[in-house]
Every structure is written in C-alpha cells, then in structure tokens.
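Peer 1: Quick one: the structure is below, questions incoming.
Any read-out appearing in this document is the output of simple, stated calculations on the displayed coordinates, not a laboratory observation. No experiment lies behind these values; they were computed from the predicted model shown. Glycine gets a Cβ as well: all are built from the backbone with ideal geometry, and neighbour counts include every protein chain shown.
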Amino acid sequence: MSCVGLVARKGREKQRYQEHFRLVSGCIPYKLIEETPVEHNHSDDLLNRLRVVMISTPTQHDFVFPKGGWENDETDEEAACREALEEAGVRGVIRGELGVWDFRSKSKQNMSHLKGWCRGTMFALEVNEEMTSWPEQDTYERKWLTVKEAWEVCRYDWMREALKNCMVFLSGKTESTAMTEIPEPSISTSVRPLTESSSKGSISMICIDG
C-alpha cells in the first residue's frame, strides 16, 4: 500500500515545549518473524525473531529510529505513529512506552547553553502495515534489522537504551536476562519501570546524551 496524497508535517508552529525542552516522540517499529521448530526451545528466541525498523539519510552511514516533534493537536502516542508513517512508511499499534530521554538535537551537540535540548518519549510499535511509498521516502532509507544489527549501527547511545528497554518490555524478563548477548551502552542511565499503562501526564529525565 502507498501513502499517495499524504504530506509530512513541516514547521514548528504547533510544537510542544516544556521549559527549555522541545518535546519529541518516537518509536521502535518491530515485528516478530516466524520461528522454526528447531528454534522453539532456544532461550534467545526473542533475540532471533525480533526485527526492528531503522532509517538513515544519504549522508549518514548509521541509523536511527523514527522520531520527531510532538505537536499540540495530538497525543505523544499519536505523534510517534505519525513519525513512523512519515519517515519509515509503517503503521502499527503502540504496545508500550519505553522511557523518556533528554538529549541535544544533532545541530546543537557542541553548545554549552540550554538551547537545543529535546525531551523524547519512545514507544514500542508493533507493525501491521508496510507502505511501498511514504511522505519522506526521498529523504530516509528504511531498513529491517536484527537486534544485534540495530545495536551496531545505531547513531545514539540513548536509542540503544530504548532498544534495550524494548527487549525487556517484549520479553517480560529482567534486563540482565533479556540482553545477555547485547553489549551495554557506553553511558550510565537509570530506567523508569516499563509498564503498558505508563502515566501520560508526567515526563521525567532518564538519561542525558550530551
């Protein structure tokens, strides 16, 4: 299916802010591939079966998960779904919140003042529809990756943390059990409890990528 006629949102007239933070919403689009009888009893079934969508631009060799500004006429979940459709051409169902991170926008990485800070909420999005064309197809390459591949090519440490949280959330296991074969990120962070019914009114700092 294609998204002919759908246009990506531009500008920041409706952008939400909290103090000096620009509010951002994004997701990890995922699917589970069919397992074979041989794989069924393996303890790392989820690691083998999980595939995630990442996007890149022609000028970058690494990848990111879909994300963008959270606007004042939508919920954070709706914003995450919109970004997944506009940037990666996928639709799906939000299955849970993965956490909230504070980070600098890519154009403000080397600045010492408060300008350029973002506060992003990430969600797990189970993909049920993949478009053959989408609004920002000319800008972003879409790629399905294994968890290990995604970990290796991910541009930001905080997105690796979100990927780790996604594994924990989907497995229902402890962090140490779910991620035994994935290296730790290079930053030290604290993680908000992962629940499908996370409170929507509060936004707290979990990590800083600066």
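Peer 1: Which entries in 14/143; 14/67; 31/67; 115/164; 67/143 show an alpha-carbon gap greater than 24 Å?
Peer 2: Values: 14/143 30 Å; 14/67 16 Å; 31/67 18 Å; 115/164 28 Å; 67/143 15 Å.
Pairs exceeding the cut-off: 14/143; 115/164.
Peer 1: With labels modelled as points extended 7 Å from the Cα through the Cβ direction, what inter-label distance (nm, one decimal) is found for residue 141 paired with residue 20?
Peer 2: Reported label-point gap for residue 141 and residue 20 is 3.7 nm.
Peer 1: Please give the contour-minus-distance gain from residue 128 to residue 73: 0.36 nm per residue of separation, less the Cα-Cα distance, rounded to one decimal in nm.
Peer 2: Length gained between residue 128 and residue 73: 17.3 nm.
Peer 1: Could you check the spin-label model distance between residue 105 and residue 155? Points 7 Å from the Cα along Cα→Cβ, value in nm.
Peer 2: 1.3 nm
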